[in-house]
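The values are calculated or read from the model by the stated rules, or taken from the named source; none is laboratory data. Treat the numbers as computed from the prediction; the structure is a model and nothing was measured. All Cβ positions, glycine included, derive from the backbone under ideal geometry; neighbour counts span all protein chains shown. The area values use the complete protein model at the heavy-atom level, side chains included, leaving out ligands, DNA and RNA. Shrake-Rupley method; radii C 1.70, N 1.55, O 1.52, S 1.80 Å.
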Amino acid sequence: MFNDFNNQTPPAYYSQADVARQTNAVLKRVYVRMFIGLLVSAFCALGVASSPAAITFIFGNSIIFWGMFIALFAMAILIPTRMHKMSSSTVLLLFIVYAALMGVFLSSIFMVYRISAIVSTFFISAGTFGAMSVYGYFTKTDLTKMGSFLYMALFGLLIAMLVNLFLKSAAMDYVVSIIGVLIFIGLTAWDTQQVKRLAAANLDPALADKLATMGAMDLYLDFINLFLFLLRIFGGNRD
């Protein structure tokens, strides 16, 4: 999602203190906006899950369900590719709308897993995510090559999940879930490092604000996917 940002050394007339201040300011906005996105998703998911009428309307109507799925997919592509033509407030608003739609889509987990399993998995996900994000922020190791490898692995994972829709193999589902966890653990560290580097290189306030939203969206998706794969491993089911 970071193709529109210039990953280079900041201009020489900016001091190291200016760069550090900018980087920290952007990272704070990233995590605040990510947290807001998660809250929006959680409230939307709980709201839908607590309403039988809403559940029937959304998951009992194939047009609504697939329309929402397509909207999520389209927004995941549209927001980062068109953000240079949007204002910072529009990019942020679209991210919040995306988080709300994701929450509605994820409300189905309350029909599959116990509340206790969802809550415990959430805290496991939060701890894992936090540890890897801290690592990505402070590590001196260049994670660029790892990011390229992880995105290729993610593409392979999507193919494996599609194949297993037909095979319906429990063993393959378990392996896919473990691989998914490992991929998003790595992507959390990589995305954090990318945001930190780009925040130091893009000191224009408007551009930095868009970067904060895009970073929040990337880390939000890392967290959501990490949570869902962990839930498939530890969640069991209602039975």
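Applying the condition of being aromatic (Phe, Trp, Tyr) and open to solvent by less than 60 Å² (accessible area, probe 1.4 Å) to segment 167-203 and asking which residue is farthest from VAL26 (Cα to Cα) yields PHE184.
The set of residues from segment 195-222 being closer than 24 Å to THR128 by Cα and among the charged types (D, E, K, R) comprises LYS196, ARG197, ASP218, ASP222. When the residues of segment 152-187 are filtered to those that are of a type in the set (Ser, Thr, Tyr) and over 21 Å from PHE129 (Cβ atoms), the one that is nearest to the chain's Cα centre (by Cα) is TYR174. Hey, any hits in segment 208-217 for a residue that's crowded, with 22+ Cβ neighbours inside 10 Å and among the basic types (Lys, Arg)? Within segment 208-217 (the criterion being crowded, with 22+ Cβ neighbours inside 10 Å and among the basic types (Lys, Arg)), the answer is yes, since at least one residue qualifies. A single member of MET111, MET146, MET132, MET102 is over 20 Å from LEU219 (Cβ atoms) and either assigned to a helix (DSSP H, G or I) or of a type in the set (Gly, Ala, Ser) (or both), and it is MET111. Restricting attention to segment 125-176 and to residues that are among the hydroxyl-bearing types (Ser, Thr, Tyr) and closer than 17 Å to ILE224 by Cα, the residue that is modelled with the lowest pLDDT turns out to be TYR151.
Considering every residue within segment 110-118, establish whether at least one is without any contact (Cβ under 8 Å) to a residue 40 or more places away in the chain and of a type outside the set (Phe, Trp, Tyr). There is at least one residue in segment 110-118 that is without any contact (Cβ under 8 Å) to a residue 40 or more places away in the chain and of a type outside the set (Phe, Trp, Tyr). Scanning segment 176-204 for residues being without any contact (Cβ under 8 Å) to a residue 12 or more places away in the chain and touching a helix residue (DSSP H, G or I) at 6+ places or on another chain (Cβ under 9 Å) gives a total of 1.
Scanning segment 88-104 for residues that are over 16 Å from PHE65 (Cβ atoms), in contact (Cβ under 8 Å) with a residue 24 or more places away in the chain and open to solvent by 40 Å² or more (accessible area, probe 1.4 Å) returns LEU92, ILE96. Annotation: of all residues in segment 105-137 being among the hydrophobic types (A, V, I, L, M, F, W, C) and closer than 16 Å to GLY186 by Cβ, the one that is most open to solvent (accessible area, probe 1.4 Å) is VAL134. The listed residues are ALA76, ALA12, ALA42, and the only one of them that is modelled with pLDDT under 95, surrounded by fewer than 17 Cβ atoms within 10 Å (Cβ to Cβ) and part of a helix (DSSP H, G or I) turns out to be ALA76.
Any residue at all in segment 182-193 that is under 30 Å from ALA54 (Cβ atoms) and in a helix (DSSP H, G or I)? Yes, there is a match, as at least one residue in segment 182-193 is under 30 Å from ALA54 (Cβ atoms) and in a helix (DSSP H, G or I). Scanning segment 145-166 for residues that are open to solvent by 20 Å² or more (accessible area, probe 1.4 Å), touching a residue at least 24 places away in the same chain (Cβ under 8 Å) and within 25 Å of PHE122 (Cβ to Cβ) gives ALA153, LEU154.
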